[in-house]
Amino acid sequence: MKLHPVPPDALSPEIFRLFQKRTPLLTAGDQERCNTMTIGWGQLGTLWNKPICTVYVRPERFTYQFMEANPAYTLSVIPKEHQDALTLCGTKSGRDMDKIKECGLTLAYTASGTPYFAEAELVLVCRKLYAQNLEIAGVIDRKTISPFYGAHGNWHRTYTGEVVEILQAEETKD
């Protein structure tokens, strides 16, 4: 597949079901070192008159250090034929193995050096605008969170990024 830039308003409303139906790869780092993980929580929308993508990462995840240290991150929506790669990236830690090498996907980089996967159907390139830890004090309906957080919290960190580039696979003619 060849990826090409598209404007945000060219995307289908189905994009907003991305986190429900697909598990994109969140990738952060640079050309020297990076890590990726599957994510199932996130939002797409508008904030401060910018198209944004918000993702959530727990501090104990290896990807967390890359999210903290770098100004940008990407979401790569990988075709279903690469399910084995998604499973590996969602179940193994980059601390224990080079899962990017092992998953068989091809790293590519934006002009600014942010990593993504060349096999993706869709890539959102996001520049970090805001980061904050989720806290119990902000939760209005505590029953909502009980399946996700134990007695000790283990809270996610929220990263909101401006979608500065969108790459979408070109349709191929058979």
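None of the figures in this text is laboratory data; all of them are computed from the coordinates on show. All of these numbers come straight from a predicted model, not from anything done at the bench. Note that we place each Cβ from the backbone using ideal geometry, even for glycine, and neighbour counts take in every protein chain shown.
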*For the range 3-169, what size does the Cα cloud have along each of its three principal axes, sorted from largest down, in whole Å?*
42, 40, 29
*Sorted by packing (mean other beta-carbon atoms within 10 Å per residue), highest first, where do 39-50, 86-97, 67-78, 153-164 land?*
67-78, 153-164, 86-97, 39-50
*When the Karplus curve 6.51 cos²θ - 1.76 cosθ + 1.60 is applied with θ = phi - 60°, which whole-Hz ³J(HN,Hα) does each residue of the range 127-136 get, with x for Gly and Pro?*
9, 4, 10, 7, 9, 7, 6, 5, 9, 4
*Anyone know which of PHE62, PHE19, PHE148 comes out most mobile in the 10 Å Cα GNM of the chain?*
PHE148
*What is the Cα radius of gyration of the range 110-174 over 2.2 N^0.38 Å, N being its residue count?*
1.66
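For the chain, what does the helix formula give at 222 nm: sum of -39500 (n - 2.57) over DSSP H segments with n ≥ 4, over the residue count, nearest 500 deg cm²/dmol? Walk me through the numbers on the way to the answer.
Working: 5 runs with 30 residues, N = 174.
-4000 deg cm²/dmol, from helical runs alone.
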_With an 8 Å Cα cut-off and a minimum separation of 6 or more residues, compute the relative contact order for the range 3-169 in percent._
29 percent
